[in-house]
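Asks: This is the structure I want to talk about, given as structure tokens.
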Amino acid sequence: MNYKNREKVIAHSIFLLGSLIVLYPFFSILFLALSEPGKRISGFTVPSGIYFDNFIKAWTDGGFSSGLFNSFVVVFGVVSITIFCSTLAAYAFEKLDILGVTPLFALLLIGLVLPYESIVISLYYTMKSYNLSNTYWSLILPQIGLSIPFSIFWLRASFKAIPNSLSEAAMIEGADRLIILIKILLPQMIPAILTLTVLLFMWTWNEFLLALIMIQDAEMRTAPLALSYFAGNKRYGDPAITAAAAIWVALPVLIIYIFLQRRFISGMVTGAVKE
Amino acid sequence: MSTKNIYRPQSKIDYSLYLYILPAFIFYIIFVLFPLADTFFNSFTQWNGISEKKWVGLDQYINNLQNKKITSSIKHSFILIIFYSVLPIIIGLLIAGIMIRVKINGMATYRAILFLPQILSMIVVGIAWRWIYAPKGPLNSGLDFFGLEEVSRAWLGSFDYALPFVGLIGTWVMFGFTMILFIAGVQKIPTELYDAAKVDGAGAISEFFNVTLPNLKGEIIVALVFTVTLALRNFDLIYITTGGGPGTSTMIPSMFIYKKAFQMNQVGSASSLGIMLTLLIFTLVSLILIIFRDKK
């Protein structure tokens with residue numbers, strides 16, 4: 001075996017080991033969820049057959065049909081409004097000479113580092129005083145505010161990559177700013193906006209603390225919140241049904257990840273480095 | 001709306017430009033900056049969420065700093081930084097150091113798998129690990145299999161082991177991310193630098209410290225900021241795995257904020273703890289940026 005081949009074998013072994021460590025917890029709950037209902041299984045038993053009973057039980061007992069629906073409503077509201085507002089703002093910051101960019105960016109930087117755990121109390125009392133707690137708005141509105149700093153930074157970096165000559169030529173011909181954005185720049189921004197959509201979808205889908213605080217009615221729970229109640233109430237109950245419930249909640253993000261994994265990874269890795 | 005300003009006259013400000021940033025800033029101000037200011041104000045009061053707020057100055061801060069449970073929760077956060085940041089960064093750096101110039105097939109698949117823990121809800125991750133650590137779960141079954149029945153226990157129910165075992169979940173979540181980040185960074189380092197080091201007779205170890213490490217500075221800053229803030233916030237995972245217990249052995253500040261505000265009705269005290277957590281994170285992030293940028 002020559003030097004080069006030995007290096008490759010070492011690299012493959014490291015990645016295989018890493019992959020096994022990552023995948024083990026997933027397979028272990030997948031086996032648990034697919035196991036025969038009521039049968040005690042331990043960590044190392046391979047299931048004797050595939051049973052979907054736990055998935056059905058989790059779906060009907062845990063209220064996940066409404067949980068998944070609520071989560072989709074919240075995600076749709078947050079993602080669409082955030083992308084709309086952030087695109088306009090990032091365009092103005094990058095392509096139009098707006099005064100005071102530096103202080104405005106410093107202001108946005110606060111939101112990028114701020115642990116939102118510390119401001120949820122105030123959000124709760126504000127929402128309650130406007131009778132908005134326990135509604136979709138109590139989840140959608142704060143998450144738009146929290147998503148905006150990252151989105152503006154991300155979109156602004158993408159606007160920067162488009163040469164100014166394009167928009168300036170149109171401006172000399174007297175085109176309106178909004179027309180330039182829609183007709184000339186947006187078509188070039190589609191990949192960046194798609195990546196941002198995927199990231200915002202994931203973050204909003206997985207959000208937990210805000211839902212825990214704002215939502216009191218069982219029918220209004222988002223999927224992760226429904227899962228936490230389900231897992232909490234049955235802590236000493238059947239772990240197989242809890243495992244099936246966890247898979248229901250993870251499934252939508254997982255499906256999108258399988259198709260768009262490059263966007264997730266490049267979005268988070270390059271998005272982080274750009275900052 | 002005038003579009004004549006292609007010559008960008010400095011004298012006249014075109015206020016219509018601000019309409020573009022207005023919607024975003026309305027959301028940002030109402031739902032982020034205002035709550036932050038409100039929390040700051042509440043942190044100087046005593047308030048149960050219903051009655052009149054009573055101004056108490058710095059009392060809440062002093063009480064928090066004198067409360068042993070709270071100071072130890074901050075200590076827990078620092079222990080979690082070892083598991084969330086230090087371990088994944090060391091693992092990532094070591095592997096990136098080995099991977100210089102290695103080009104293998106299937107890298108995209110490995111990357112997709114290693115990144116997986118980043119995309120999932122921490123509630124799902126917590127439930128998976130709760131099963132692994134369960135009294136009759138895979139970890140204990142594995143120990144029994146090797147004849148180590150005496151070692152097996154309810155890991156998350158143990159005063160001594162709950163915190164490091166929750167920390168290990170953080171290591172599991174983070175190590176794929178740091179690996180991908182650092183391997184991508186290593187591949188951007190010009191090979192001439194390594195050739196030059198070889199000519200100078202550098203071994204693998206000096207190559208790592210003199211070429212790899214300094215050129216990964218940007219990636220290391222990113223990894224530190226990302227993992228340290230997560231270690232300090234970390235609400236979801238603690239909530240679903242231990243809830244801060246047993247006792248207060250895995251209690252962290254964000255969990256205290258939740259309990260104080262929503263179970264004990266101590267809104268003023270919770271707010272001051274929130275401001276303390278914010279300041280702690282801002283300080284650590286600034287420190288990371290200052291320490292690592294200056295060494296250029």
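Just so it is clear, none of the values below were taken in a lab; they were calculated from the coordinates. Quantities reported herein were computed from a predicted structural model and do not represent experimental measurements. Glycine also receives a Cβ, built like all others from the backbone with ideal geometry; neighbour counts cover every protein chain displayed.
Asks: Excluding B:ALA202 itself, what net charge comes from residues whose Cβ is under 14 Å from its Cβ, given Lys and Arg +1 and Asp and Glu -1?
Replies: -3
Asks: Provide Rg and Dmax in Å for chain B, with only Cα atoms included in the calculation.
Replies: For chain B, the Cα-based Rg and Dmax read 24.5, 82 Å.
Asks: How do A:SER151, B:SER249, A:SER86 rank when sorted from fewest to most other Cβ atoms within 10 Å of their own Cβ?
Replies: B:SER249, A:SER151, A:SER86
Asks: Separate question: I need the peptides A:52-63, B:89-100, B:57-68 ranked by packing, meaning the mean over residues of other C-beta atoms within 10 angstrom, with the highest value on top.
Replies: Highest to lowest by the protection proxy: B:89-100, A:52-63, B:57-68.
Asks: Please report the spacing between the Cα centers of segment A:158-202 and segment B:215-252 in Å, no decimals.
Replies: Taking the Cα centre of each part, segment A:158-202 and segment B:215-252 sit 37 Å apart.
Asks: Now for a separate question. Where does the charge balance sit around A:TYR257 when Lys and Arg score +1, Asp and Glu -1, over other residues with C-beta under 13 Å from its C-beta?
Replies: Overall, the nearby charge balance is +3.
Asks: For chain A, with a Gaussian network of springs between Cα atoms less than 10 Å apart, report the residue from A:LEU194, A:LEU17, A:LEU108 with the top mean-square fluctuation.
Replies: Maximum fluctuation in the GNM of chain A, among the listed residues, is at A:LEU17.
Asks: Students often check this: by mean Cβ neighbours within 10 Å, which of B:76-84, A:123-131, A:137-145 ranks highest, and how do the rest follow?
Replies: Highest to lowest by the protection proxy: A:137-145, B:76-84, A:123-131.
Asks: If we sort B:254-262, B:202-210, B:135-143 on the protection proxy, mean other Cβ atoms within 10 Å, highest first, what's the order?
Replies: Final packing ranking: B:254-262, B:135-143, B:202-210.
Asks: Let me ask another. Given the options B:GLN46, B:GLN263, B:GLN118, state which has the largest fluctuation in a GNM of chain B using a 10 Å cut-off (strictly under) for Cα springs.
Replies: B:GLN263
Asks: I would also like to ask the following. Is there a simple number for the mean count of other chain Cβ atoms within 10 Å of the Cβ of residues in B:32-43, and what is it?
Replies: 6
Asks: May I pose another question? Quick one: net charge around B:ILE180, please, counting Lys, Arg +1 and Asp, Glu -1 for every other residue with C-beta under 15 Å from its C-beta.
Replies: +3
Asks: Taking the alpha carbon gyration tensor of segment B:1-120, what are the square roots of 5 times its eigenvalues, largest first, to the nearest whole Å?
Replies: 41, 38, 14
Asks: Moving on to the next point. Please determine, in degrees from 0 to 90 and to the nearest 10, the orientation of helix A:239-274 with respect to the longest principal axis defined by the Cα atoms of chain A, where the helix direction is its Cα long axis.
Replies: Helix A:239-274 sits at roughly 30 degrees to that axis.
Asks: So if I take the centroid of the Cα atoms in segment A:118-148 and the same for segment B:117-182, what is the distance between those two points in Å?
Replies: 33
Asks: Would you work out if segment A:3-137 is rounded, prolate or oblate? Take a ≥ b ≥ c from the square roots of the eigenvalues of the alpha-carbon gyration tensor; rounded if a/c is under 1.5, else prolate when a/b is larger than b/c, oblate otherwise.
Replies: Oblate is the answer for segment A:3-137, as a/c is 1.5 or above yet b/c matches or exceeds a/b.
Asks: Where does each of A:ILE21, B:ILE70 land when they are ranked from fewest to most other beta-carbon atoms within 10 angstrom?
Replies: With the fewest neighbours first, A:ILE21, B:ILE70 line up as A:ILE21, B:ILE70.
Asks: Within 10 Å of each candidate Cβ there may be at most 16 other Cβ atoms; applying that plus a DSSP loop requirement, which GluC sites (Glu not before Pro) in segment A:140-233 survive?
Replies: Filter output for segment A:140-233: A:GLU173.
Asks: Would you mind checking which residues have amide H under 5 Å from B:GLN46's amide H? H placed 1.01 Å from N; only 5 or more apart, or other chain.
Replies: Sorted by chain and number, the residues that satisfy this are B:LYS54, B:TRP55, B:VAL56.
Asks: Right, here's the next one. Over all residues in A:8-14, what is the mean tally of Cβ atoms on other chains that come within 10 Å of each residue's Cβ?
Replies: What the average comes to for A:8-14 is 4.
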